[in-house]
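Trainee: First the structure, then my questions, so here it is.
The values are calculated or read from the model by the stated rules, or taken from the named source; none is laboratory data. It should be emphasised that the depicted structure is a prediction, and the values quoted were computed from it without experimental measurement. All Cβ positions, even for glycine, are placed from backbone atoms using ideal geometry, and neighbour counts span all protein chains on display.
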Amino acid sequence: MPHTHITHLPLGQSLDPTHPPTTRPLRALVFDMDGTLNLPSYAMFPRMRAALGITPEIDILAHINSLPPRSDAYNHASAAIAAIEREEIASMQLQPGALTLLDFCKRKGVPKAILTRNNPEPVAHLLANLLSAHAFDPVITREFLPPKPEPAALIHIAQMWGIPTREVAMVGDGRDDMVCGRKAGAVTIMVENEGQEDRVRECEQLGLVDLTVKEVGEIVELLEKGFVITRTVGEEEEGARDAKSPS
């Protein structure tokens with residue numbers, strides 16, 4: 001399948017008639033939470049699956065949402081993973097470079113949002129205790145259905161901003177983030193956490209990742225200098241179709 005090279009301009013540089021059609025700005029960032037804004041908790045998801053009695057290949061939220069709403073099974077499962085998330089709050093730490101990037105976005109007026117599969121309580125803790133100087137609008141948790149990897153929430157965010165999804169970057173550390181971003185037609189930036197190299201390589205091999213960073217602070221240079229990504233023609237067309245879907 002043929003490829004196309006897409007040039008993203010440095011932040012603040014405007015398009016003009018001399019730019020080819022494959023040139024565009026990057027105007028806004030959407031962040032995952034765990035493993036992206038804060039350090040990942042590698043034990044959390046195995047603990048959740050153990051509490052629910054499910055195997056690693058089963059998606060946690062898909063399993064819970066498959067249960068009858070408001071049933072005892074649904075309420076028990078929801079409470080079990082919420083309790084584990086609550087326990088993780090005490091050890092929550094910011095990712096290296098997170099404040100560097102967020103301070104830059106604040107100075108430059110870059111819109112930013114959070115799109116996470118967490119419940120609201122850990123997100124509120126992060127914002128109130130570790131990121132109180134920074135505003136994210138909107139903040140979308142797993143209460144928005146369907147959750148990642150479906151693109152509906154990311155498309156909804158871009159529509160709220162009035163910015164095309166292709167001028168938005170989805171920043172995350174997981175396959176769900178990359179699939180969501182790719183389906184929405186956004187730029188996908190994957191954070192390679194220590195010990196998660198295989199996860200990143202898998203997503204890269206699947207063609208889900210536009211850019212990889214070792215820490216989120218590296219995104220400042222991408223915004224300042226601009227960058228080039230490579231997409232297949234089919235990926236561009238699919239992203240454009242999904243980005244027009246109603247939220």
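Trainee: Based on this model, can you work out whether S41 counts as at pLDDT below 90, polar (S, T, N, Q) and under 22 Å from A158 (Cβ atoms)? Write out each step before concluding.
Mentor: On the way: at pLDDT below 90: yes; polar (S, T, N, Q): yes; under 22 Å from A158 (Cβ atoms): no.
So S41 fails the test.
Trainee: Which members of region 10-32 meet the condition of being part of a loop (DSSP other than H, G, I, E, B), buried (at least 18 other Cβ atoms within 10 Å of the Cβ) and out of contact with any Asp or Glu (no Cβ under 7 Å at 6 or more places or on another chain)?
Mentor: none
Condition check ((1) of a type outside the set (K, R); (2) under 24 Å from A43 (Cβ atoms); (3) out of contact with any strand residue (DSSP E or B) (no Cβ under 6 Å at 6 or more places or on another chain)) across all residues:
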{"site": "D59", "(1), (2), (3)": "yes, yes, yes"}
{"site": "K108", "(1), (2), (3)": "no, no, yes"}
{"site": "P111", "(1), (2), (3)": "yes, no, no"}
{"site": "E121", "(1), (2), (3)": "yes, yes, yes"}
{"site": "A135", "(1), (2), (3)": "yes, no, yes"}
{"site": "F144", "(1), (2), (3)": "yes, no, yes"}
{"site": "A152", "(1), (2), (3)": "yes, no, yes"}
{"site": "I157", "(1), (2), (3)": "yes, no, no"}
{"site": "T165", "(1), (2), (3)": "yes, no, yes"}
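Trainee: So T232 passes all but one of these: (1) more than 17 Å from the chain's Cα centre (by Cα); (2) within 27 Å of V110 (Cα to Cα); (3) at pLDDT below 95. Which condition number does it fail?
Mentor: (2)
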